[in-house]
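Novice: First the structure, then my questions, so here it is.
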Amino acid sequence: MLKTFNAILKNNSIQWVDETPEIENEFLREFIAVNSPYVSALSYLEVLGYHQLNHEDKTYFEEFFNASQILPVSQAVIEQAVKLKQIKKMSLGDAIIAGTALVYNLTVVTRNIDDFR
């Protein structure tokens with residue numbers, strides 16, 4: 001049984017659930033089922049806005065986002081993202097997701113932890 005905690009999923013974790021064989025992503029699927037995840041509005045845009053998204057994946061991701069709590073990119077999030085980018089070189093998307101996590105006191109769940117070190 002997984003321990004529940006508040007977390008924000010980075011878009012690479014969201015996409016990974018759909019792209020990997022069932023056995024490899026069982027933990028993440030269980031985590032999502034137990035934790036009603038938070039996602040940034042930016043992840044919603046990046047995932048559903050992908051220009052080569054096929055119908056099956058689009059349906060899957062729409063269901064995922066409908067079950068998630070989508071957090072806005074507010075002024076407070078932008079201010080945190082600015083502070084983070086002043087301290088460390090990072091992409092705009094990573095700064096916004098990390099800023100969202102800080103504003104809402106969430107843990108970032110990502111496949112690439114080096115983005116946030």
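Novice: Within segment 30-52, is even one residue touching a helix residue (DSSP H, G or I) at 6+ places or on another chain (Cβ under 6 Å), at pLDDT 65 or above and under 14 Å from residue 109 (Cα atoms)?
Specialist: Looking through segment 30-52, at least one residue is touching a helix residue (DSSP H, G or I) at 6+ places or on another chain (Cβ under 6 Å), at pLDDT 65 or above and under 14 Å from residue 109 (Cα atoms).
Novice: Just to be sure I understand, how many residues within segment 44-59 are in a helix (DSSP H, G or I) and not charged (D, E, K, R)? Outline the logic, then answer.
Specialist: Residues of segment 44-59 in a helix (DSSP H, G or I): 44-48, 55-59.
Narrowing the set further to residues that are not charged (D, E, K, R) leaves 44-45, 47-48, 55, 59.
Matching residues across segment 44-59 total 6.
Novice: Return the total of residues in segment 59-80 being closer than 16 Å to residue 39 by Cβ and either polar (S, T, N, Q) or without any contact (Cβ under 8 Å) to a residue 40 or more places away in the chain (or both).
Specialist: So in segment 59-80, the residues closer than 16 Å to residue 39 by Cβ come out as 60-74, 77.
If we keep only those that are either polar (S, T, N, Q) or without any contact (Cβ under 8 Å) to a residue 40 or more places away in the chain (or both) as well, we get 62-63, 65-70, 72-74, 77.
Counting residues in segment 59-80 that are closer than 16 Å to residue 39 by Cβ and either polar (S, T, N, Q) or without any contact (Cβ under 8 Å) to a residue 40 or more places away in the chain (or both) gives 12.
Novice: What number of residues within segment 83-104 are in a helix (DSSP H, G or I), within 10 Å of residue 40 (Cβ to Cβ) and either without any contact (Cβ under 8 Å) to a residue 12 or more places away in the chain or over 11 Å from the mean Cα position of the chain (by Cα) (or both)?
Specialist: 1
The values are calculated or read from the model by the stated rules, or taken from the named source; none is laboratory data. Only a predicted model underlies this, so the values are computations on that prediction, with no experimental measurement involved. Cβ coordinates were reconstructed from backbone atoms using ideal geometry, including for glycine residues, and neighbour counts include every protein chain displayed.
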